[in-house]
Amino acid sequence: MAVKIRLKRFGAKARPFYRIVIMDSRTPRDGRTLDEIGLYHPIETGEKQLIVDEVKAKDWLGKGAQPSDTVRGLLNKKGIHVK
């Protein structure tokens, strides 16, 4: 099973927010998740925009989970450096 760290969309039309989740790569975007490690709210500003549980993120990365390109950028922005 290939595990990915990716975004799961929530919110109303034109007012999205996302949860940063761990999922099997074969599941749909809004399908069943294995774990939730954070939130990304692109409309907010400051500290409310990106919230990540760093311990869980590093744990899943250590287990071999591969982040999507967008999540990789968000994790790098938060200080969790991913190759």
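Looking at (1) of a type outside the set (Val, Ile, Thr); (2) surrounded by 14 or more Cβ atoms within 10 Å (Cβ to Cβ); (3) touching a residue at least 24 places away in the same chain (Cβ under 8 Å), which is the only condition ASP53 fails? Of everything listed in (1) of a type outside the set (Val, Ile, Thr); (2) surrounded by 14 or more Cβ atoms within 10 Å (Cβ to Cβ); (3) touching a residue at least 24 places away in the same chain (Cβ under 8 Å), ASP53 misses just condition (3). Checking each residue in the range 1-47 for being assigned to a strand (DSSP E or B), aliphatic (A, V, I, L, M) and farther than 23 Å from LYS78 by Cβ picks out only ALA12.
A search for C-beta distances below 6 Å between a residue of the range 11-22 that is over 23 Å from LYS58 (Cα atoms) and any residue that is surrounded by 12 or more Cβ atoms within 10 Å (Cβ to Cβ), counting only pairs 6+ apart in sequence or on different chains, returns GLY11/PHE17. For the range 39-83, residues that are within 30 Å of LYS13 (Cα to Cα), charged (D, E, K, R) and out of contact with any strand residue (DSSP E or B) (no Cβ under 6 Å at 6 or more places or on another chain) total 7.
Looking only at the range 59-68, residues that are loosely packed, with under 15 Cβ neighbours inside 10 Å and either free of Cβ contacts under 8 Å to residues at least 60 places away in the same chain or assigned to a helix (DSSP H, G or I) (or both) come to 2 in all. Is there a residue in the range 69-80 that is loosely packed, with under 13 Cβ neighbours inside 10 Å and touching a helix residue (DSSP H, G or I) at 6+ places or on another chain (Cβ under 9 Å)? Within the range 69-80 (the criterion being loosely packed, with under 13 Cβ neighbours inside 10 Å and touching a helix residue (DSSP H, G or I) at 6+ places or on another chain (Cβ under 9 Å)), the answer is yes, since at least one residue qualifies.
Read-outs throughout are calculated quantities, based only on the coordinates presented, and are distinct from any laboratory measurement. Note that this is a predicted model, so its numbers are computed, not measured. Quick reminder, even Gly has a Cβ in these numbers, built from the backbone with ideal geometry, and neighbours come from all protein chains shown.
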